[in-house]
1. Six or more apart or on different chains, Cβ atoms under 9 Å: show the pairs whose first residue is in segment 381-394 and open to solvent by 50 Å² or more (accessible area, probe 1.4 Å) and whose second is charged (D, E, K, R).
2. Could you please let me know if F353 is open to solvent by less than 10 Å² (accessible area, probe 1.4 Å) and touching a helix residue (DSSP H, G or I) at 6+ places or on another chain (Cβ under 9 Å)?
3. Give all pairs with beta carbons closer than 6 Å in which a residue from segment 487-513 that is over 15 Å from E477 (Cβ atoms) meets a residue that is assigned to a helix (DSSP H, G or I) and of a type in the set (S, T, Y); count only pairs at least 6 apart in sequence or on separate chains.
4. Taking the options A573, A537, A532, name whichever one is aliphatic (A, V, I, L, M), touching a residue at least 12 places away in the same chain (Cβ under 8 Å), under 23 Å from G614 (Cβ atoms) and touching a helix residue (DSSP H, G or I) at 6+ places or on another chain (Cβ under 8 Å).
5. Just wondering, is there one or more residues in segment 207-222 that are of a type in the set (V, I, T), under 30 Å from F150 (Cα atoms) and crowded, with 23+ Cβ neighbours inside 10 Å?
6. Scanning segment 592-631 for residues that are surrounded by fewer than 23 Cβ atoms within 10 Å (Cβ to Cβ), β-branched (V, I, T) and under 36 Å from the mean Cα position of the chain (by Cα), which turns out farthest from A677 (Cα to Cα)?
7. Given the structure, is G148 over 23 Å from K181 (Cα atoms), without any contact (Cβ under 8 Å) to a residue 60 or more places away in the chain, outside any helix (DSSP H, G or I) and out of contact with any strand residue (DSSP E or B) (no Cβ under 9 Å at 6 or more places or on another chain)?
8. When T368 is evaluated against the numbered criteria (1) hydroxyl-bearing (S, T, Y); (2) closer than 21 Å to T416 by Cα; (3) surrounded by fewer than 21 Cβ atoms within 10 Å (Cβ to Cβ); (4) touching a Gly at 6+ places or on another chain (Cβ under 8 Å), which criterion, by number, is the only one it fails?
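The values are calculated or read from the model by the stated rules, or taken from the named source; none is laboratory data. Small disclaimer: the values here were computed from a predicted structure and weren't measured. When we count neighbours, we look across all protein chains shown, and the Cβ atoms used for this are built from the backbone with ideal geometry, even at glycine. Ligands, DNA and RNA are stripped out before the accessible areas are found, and what is left, the full protein with its side chains, is counted by its heavy atoms. Shrake-Rupley method; radii C 1.70, N 1.55, O 1.52, S 1.80 Å.
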Amino acid sequence: NLSNHHDDQARNRSSTSYFHRVSSLCKSGEIREALSLVTEMDFRKIRIGPEIYGEILQGCVYKRNLCTGKQIHARILKKGDFYARNEYIETKLVIFYAKCDALEIAELLFSKLRVRNVFSWAAIIGVKCRIGLVEGALMGFVEMLENGIFPDNFVVPNVCKACGALQWSRFGRGVHGYVVKAGFHDCVFVASSLADMYGKCGVLDEARKVFDEIPERNVVAWNALMVGYVQNGMNEEAIRLFSDMRKEGVEPTRVTVSTCLSASANMGGIEEGKQSHAIAVVNGLELDNILGTSILNFYCKVGLIECAEMIFDRMVEKDVVTWNLLISGYVQQGLVEDAIRMCQSMRLENLKFDCVTLSTLMSAAARTQDSKLGKEVQSYCIRHSLESDIVLASTAVDMYAKCGSIVDAKKVFDSTVQKDLILWNTLLGAYAESGLSGEALRLFYEMQLESVPPNVITWNLIILSLLRNGQVNEAKEMFLQMQSSGIIPNLVSWTTMMNGLVQNGCSEEAILFLRKMQESGLRPNVFSITVALSACANLASLHYGRSIHGYIIRNQRHCSSVSIETSLVDMYAKCGDINKAERVFRSKLYSELPLYNAMISGFAVYGNVKEAIGLYRSLEDMGIKPDSITFTSLLSACNHAGDINQAFEIFTDMVSKHGLKPCLEHYGLMVDLLASAGETDKALRLMEEMPYKPDARMVQSLFATCKKQHKDELVEYLSRQLLESEPDNSGN
């Protein structure tokens, strides 16, 4: 008996030794070697406890080795019920299959469990979350609670992830309540998952509250809130949070830097993005696919294409996404030839074009109105059986419309079997942009007959088509119909109405629509404020203009832009307050050409040649290249003041110094100026030598001067020209 006792002790010691060796091999991923040890144990009649198989299954989990795991499962079944019906082994098998995303087998084994513990529930909820069955994951959480098993801090993050994916904020609040009750709110991983969930649900106040209450925040917590800010368009807050994180000495990860780069790209923050890139370099973060793609995306979005090329060249691993980003960057900058060259290089690397590559090329064709390129891309799609792809079909419709071929756009639309709402809206947009309100309305009713319910974009496009066609009353009626059908007008709806009213000479109504929009709870954006200021300028209404300026000052954070400053200067000048226009200009935050053009134009209206020329010279000193509009305003100022010498100097500058080709309007102003000064011979010579056919206004100006000077031959010659150019004008 004593001998048997010693043998048992030896076997137990040997079994323990083998267990440690098996465990060590499994942790280092050497599953085959671990199995060899188990075979050796079998041969040496050393007891193999369930924990040995548990360790090997855990090793298979580390490596996600489904095939080997199934072989272990088969061995366990052969060993009989002592192993197969062991609670520890049963749970380990459920965990193994769940971690390998084999849901069907995991669920089958889970259904047969006699005892469902927190570990098996965690595995099932986790796998459902990973493969996108998020509702099932939440049902599991509810069932788990009903069965009296309390989810731990491994289950809760998955439940939060499911709530975020579904944007079920009310369910999420319930989970938050459970977390507080269970005392998990101090766990940084649980709190981070709650912050992430609230971020995805758009409840950023709660996300911030959870974040602020975390006793010791790690980088995961910072990242969770930062991502939430970016996903909800709060890019400045994300950048501020990143700054706070650095002050607290928390080391950033690739996720941190990628998120900051996204925020910088979204807000056009070149300096912020460059700093994020520098931090990545300083912290030694490897330029892998994820980080490299984020940096590349940032430089492409802010238009620093040379920096984007440099990053692209430095990246070791480049997939289709990486190539697509640079191709898209080229297209956004109008560098279509470079985009095509990149596509050719991509093919040389044996990478296939995907739908993103092709839709980007289609967009390039649309931007440059190159129907030849567009047709080549579409032919490629047909050859590779991609013509049924709904995204490509929508891009092709848009491309043909922008190239002025509505017929081809309609052909692509008709040949697409599965039409989604985006495709219907794309064709509707094509009709709207062309002012084809009849075709747009027909399509609008047809889509409803096809059981495709219109959304707010659809209604906005219909309203746009009517306004483009001058049908103001019909557009207003359609706006009311949209509201009565249960669709709430968005910012675009109100701004489209306002802009259409201004374009159709109904500026007073446009200002009324701005008020109604604010009453509906929407805050005007930069474009709607610009439109409203344009309406004030048209009405010469200083009262309305000042009210809108007051709103801009009160909401400086949301209303600061070069287009608003430009519109303010233009409005004050056109409303008769040139001094206020100048004060707004002098207190400018931006130094861009449109703003200078507005001020020069304002001076021109008042004939302030000296001030207009002064601004033009300061433009040159700053290295900002003037455009055609600048010279129109300058020549107009000279015209008002009757300053021929200054006008000729500017006209010469335009061609010789700035390489701009004068247009008909520039020649018209010069002819008008010469005619007003009585220099009829010079005016006639300039009119005959210019590379354009004179318009009626130009001839009228010269005709009037010749008549005053009793130059009868010229009067007769010009009257013939006038009657030829405008035979139906009774005034002539």
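1. If the second residue must be charged (D, E, K, R), the pairs left are H384/K352.
2. When the stated conditions are applied, F353 does not pass them.
3. T495/S528; V502/S534; I511/Y544
4. A573
5. Within segment 207-222, the first condition is being of a type in the set (V, I, T), and the residues that meet it are 210, 214, 219-220.
Subset that is under 30 Å from F150 (Cα atoms): 210, 214, 219-220.
Subset that is crowded, with 23+ Cβ neighbours inside 10 Å: 210.
Taking every residue of segment 207-222 in turn, at least one turns out to be of a type in the set (V, I, T), under 30 Å from F150 (Cα atoms) and crowded, with 23+ Cβ neighbours inside 10 Å.
6. I624
7. no
8. Answer for T368: the failing condition is (2).
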